[in-house]
Amino acid sequence: MTHVVACLDGLDPEYLAAVETPGWDRIAARGDAGTCEGLVPSLTNVNNVGIVTASFPAENGVTGNTYYDPERDEQAYMNDASLLRRRTELQRRADRGETVAALVAKDKLVGMVGQDCDLAASAEDPPDWLADAVGEPPGIYSGGASAWLMDAAVHVLDERDPDVLYVSTTDVIPHKHGPEETAAEEWVRELDAGVAALAERSDALVATADHGMNRKSVCVDIEAALDREELDAEVVRLITDEHTYHHQNLGGAAYVYLEDGSADALAPLADIDGVEEVLPATEAAERFRLPTDAIGDALVLGTESSVFGPVEEGVRGSVELRSHGSHHERRVPYVASTGATLDYNIEAFRGLE
Ligand SMILES: [Zn+2]
């Protein structure tokens, strides 16, 4: 038995639609394909952990790329495996005696996703045997990193023959290029060839994405807006990670921790052009299945064209980038060789059965 789940980072349905994808279509012809919901905030860590634990953040505890620890009064990257409140599907399968492999783009994700795996590696810092066989990875900020990961996954299936393999790529290309650009078309063709090669070598495969991608032209400075209202608060911009080349830490979702008072005080934020919704924590938790104890007082969501971050003067500014984080980037494609229909990307492992 060989089972494969592939998470194709940032593969908005628009990218898939812009190119011929014979590999994807072949799998769809005998299985099923379509679009499904990803998790909100529509971020890499949230959705990778959701997929590997087959659970919502309310169950697994992972609420962003960054989180706020009120006790230490500091923000930290959400990379540590100790933050996971649920075992991964890979761990469960390892418990059953299956051999388990995980390949991810960034080294930091290995800690969360690769727990108890027989083989867990990243494109950022691969083991020598993998780099010797597949070639040195082209660097995680390069367009070739995703193709390298697909090649590495094929090599692992051929040479190590694991019972289950999870492979997760990187979204640097869709952050930098729209669906009609040559670099994006090449990226999709490489992913498509990779998915096809993995399908040929497996008994069951599900490929999906963590989040979509949209062009962003407006930046809203939530901190400045709160200052204007004379509210003391900690703003956690959830896309924030150490890989600022991708998105400059500008994304469409933030948690707000108020010094005192209730989320009602945040209502004026919703009037700002570029803020779509200000959801009190209880409402946000209910709508997006988030843990109430780890999202502060409110979740602020951007529009299809806005992100949150510092602006030079005032509360709103102009930006020019492609990014994600809001619910506008939650729609993702999937294909399942088994014919499984997915409502959510976190059903990928269940879709193997
Ligand atoms: Zn991502």
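A few points about this structure:
- Of everything in the stretch 17-48 that is within 16 Å of the ligand (Cβ to nearest atom) and assigned to a helix (DSSP H, G or I), the residue that is nearest to residue 323 (Cα to Cα) is 44.
- Condition check for residue 54: farther than 27 Å from residue 294 by Cβ and among the small types (Gly, Ala, Ser): no
- Selection status of residue 183, open to solvent by 10 Å² or more (accessible area, probe 1.4 Å) and more than 16 Å from the ligand (Cβ to nearest atom): yes
- Test for residue 21: is it under 20 Å from the mean Cα position of the chain (by Cα) and of a type outside the set (Phe, Trp, Tyr): no
- When each of 17, 28, 102 is tested for being in contact with a helix residue (DSSP H, G or I) (Cβ under 9 Å, 6 or more places away or on another chain), among the small types (Gly, Ala, Ser) and in contact (Cβ under 8 Å) with a residue 40 or more places away in the chain, the lone residue that passes is 102.
- Residue within the stretch 41-49 that is more than 16 Å from residue 208 (Cα to Cα) and out of contact with any Cys (no Cβ under 9 Å at 6 or more places or on another chain) present: yes
- Scanning the stretch 119-144 for residues that are buried (at least 18 other Cβ atoms within 10 Å of the Cβ) and within 19 Å of the chain's Cα centre (by Cα) yields 120, 121, 122, 123, 124, 140, 143, 144.
- The stretch 86-99, subset free of Cβ contacts under 8 Å to residues at least 40 places away in the same chain and surrounded by 15 or more Cβ atoms within 10 Å (Cβ to Cβ), residue nearest to residue 57 (Cα to Cα): 86
- Output for the stretch 108-118, where each listed residue is surrounded by 19 or more Cβ atoms within 10 Å (Cβ to Cβ) and not β-branched (Val, Ile, Thr): 108, 109, 112, 114, 117
- Within the stretch 142-161, no residue that is free of Cβ contacts under 8 Å to residues at least 12 places away in the same chain sits with its Cβ atom under 6 Å from a residue that is assigned to a helix (DSSP H, G or I) at 6+ positions apart or across chains.
The values are calculated or read from the model by the stated rules, or taken from the named source; none is laboratory data. From a predicted model like this one, the values you see are computed outputs, not experimental measurements. For neighbour counting, all protein chains shown are included, and Cβ atoms are generated from backbone atoms with ideal geometry for every residue, glycine included. Accessible surface areas use protein heavy atoms only, side chains included; no ligands, DNA or RNA. Shrake-Rupley method; radii C 1.70, N 1.55, O 1.52, S 1.80 Å.
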